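Data first, discussion second: the structure below is written as structure tokens.
The values are calculated or read from the model by the stated rules, or taken from the named source; none is laboratory data. What you are looking at is a predicted structure, and each value in this text was computed from that prediction instead of being measured. Every residue, glycine as well, gets a Cβ built from its backbone with ideal geometry; the counts of neighbours run over all protein chains shown.
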Amino acid sequence: MKKLLVSAAVIATLSLGACSSNQSKSASSYDGIISEAASTHAIAKKNGYVWKQKKMKKAYVDHYIAKAEEAKKKGDDKAAMKYAKEALKTANAEVHQMKEYADLKPAWTK
């Protein structure tokens with residue numbers, strides 16, 4: 001019984017350590033996040049899956065990137081990183097929606 005508990009604890013420790021070190025290198029740098037968000041958003045824009053409201057002048061991703069750049073100019077790195085991550089999250093969601101519903105057709109078509 002002791003061997004089972006010890007081996008389970010060792011496996012759990014190793015798997016948690018592997019998960020925490022498995023982050024991408026671009027996720028740690030501001031410039032990497034911004035460039036990844038811009039390239040992902042470009043894919044969505046090319047296929048017409050940009051998230052934007054009618055009254056907005058910019059899409060959500062462009063809005064968050066602009067806010068991140070403003071915060072970066074002011075020297076607020078924490079806010080800049082927050083908006084950059086939000087831009088990346090939104091861009092990834094646009095592309096996910098594009099892929100997820102690519103073959104969806106209206107019910108009235110046959």
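Condition check: out of contact with any Pro (no Cβ under 6 Å at 6 or more places or on another chain), at pLDDT below 90 and of a type in the set (Gly, Ala, Ser). Does Ser39 satisfy that? In short, no. In region 52-110, what count of residues is obtained for those that are hydrophobic (A, V, I, L, M, F, W, C) and closer than 13 Å to Tyr30 by Cβ? Going through region 52-110 one residue at a time, the tally reaches 9. Pairing each residue of region 90-110 that is over 22 Å from Ile34 (Cα atoms) with any residue that is exposed (fewer than 10 other Cβ atoms within 10 Å of the Cβ), provided the two are 6+ apart or on different chains, yields no C-beta distance under 7 Å.
Which one is surrounded by the most Cβ atoms within 10 Å (Cβ to Cβ), of the residues in region 38-83 that are within 26 Å of Asp103 (Cβ to Cβ) and of a type in the set (A, V, I, L, M, F, W, C)? For region 38-83, the residue satisfying everything is Val61.
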